[in-house]
Amino acid sequence: MAGQHVPASLLQLDYPQSVIVVDDYQTAQKIVDHLSDQEFPVENLCIVGTDLRTVERVTGRKTWGSVLGQGAVSGLGTGLLVGLMLAFFTGSSGNFLTMLITGLLIGVVIGIITAAIGYSMTGGRRDFDSVQQVVATHYEVLAEHKVAAKAREIVNAMPEFRARAFEG
């Protein structure tokens, strides 16, 4: 279900209690998998990313060339749509390729102009490209209150997690 939209009620537990806090998602998954192998009712569990932080990876310097190139590439999709509309609605089958190329050129020009205007309006601020992601630094396995003690007992029996599980 990862990445899919689910109703909020499925993400909520009744009176959740902490089973264990770990440093990475794979370890939290391993714990839930182990609980499942022990026939624990895993539908009473949640993995929650905690201590969120934003990580921004700088991918390169923005220059007029890179901005205009990105604008041209982004305009290709719009141009393809415009070209197809021109080709289909003009009714002339002989001009299909001409209309498609015309639409692509229109899209590229619009993409370049839009990118140039946007870049010139920044006034030199954020002269770099980057990607951002919100990441958790810890992952907490939570269980509904009625089964939390049993989950902690099973996790405490795992050799690699002894004495790390939340007690209380």
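Per the listing Q29, Q17, the residue uniquely surrounded by 10 or more Cβ atoms within 10 Å (Cβ to Cβ) and at pLDDT 95 or above is Q29.
Do the conditions hold for Q70, that is, is it farther than 18 Å from A149 by Cβ, in the same structural domain as G118 (by TED's automatic domain parsing) and surrounded by 11 or more Cβ atoms within 10 Å (Cβ to Cβ)? Can you show your working first?
On the way: farther than 18 Å from A149 by Cβ: yes; in the same structural domain as G118 (by TED's automatic domain parsing): yes; surrounded by 11 or more Cβ atoms within 10 Å (Cβ to Cβ): yes.
Criteria met by Q70.
Of the residues making up the range 111-134, those that are surrounded by 12 or more Cβ atoms within 10 Å (Cβ to Cβ) and either aliphatic (A, V, I, L, M) or more than 22 Å from E56 (Cα to Cα) (or both) are G111, I112, I113, T114, A115, A116.
Please verify whether E56 is in a strand (DSSP E or B) and of a type in the set (D, E), treating the condition exactly as stated. Before the answer, list the steps.
Details: in a strand (DSSP E or B): yes; of a type in the set (D, E): yes.
Yes: the conditions hold for E56.
Here's the yes/no breakdown for (1) in contact (Cβ under 8 Å) with a residue 24 or more places away in the chain; (2) more than 30 Å from Q26 (Cβ to Cβ); (3) assigned to a loop (DSSP other than H, G, I, E, B):
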| residue | (1), (2), (3) |
| --- | --- |
| G69 | no, yes, no |
| G77 | yes, yes, no |
| G103 | yes, yes, no |
| G107 | yes, yes, no |
| R125 | no, yes, yes |
| D129 | yes, no, no |
| A136 | yes, no, no |
| Y139 | yes, no, no |
| A149 | no, no, no |
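Checking each residue in the range 121-137 for being in contact with a helix residue (DSSP H, G or I) (Cβ under 9 Å, 6 or more places away or on another chain) and modelled with pLDDT of 90 or more picks out only A136.
The values are calculated or read from the model by the stated rules, or taken from the named source; none is laboratory data. These numbers were taken from a predicted model, which means no experiment stands behind them. In this analysis, Cβ positions are derived from the backbone assuming ideal geometry, glycine residues included, and neighbour counts consider all displayed protein chains.
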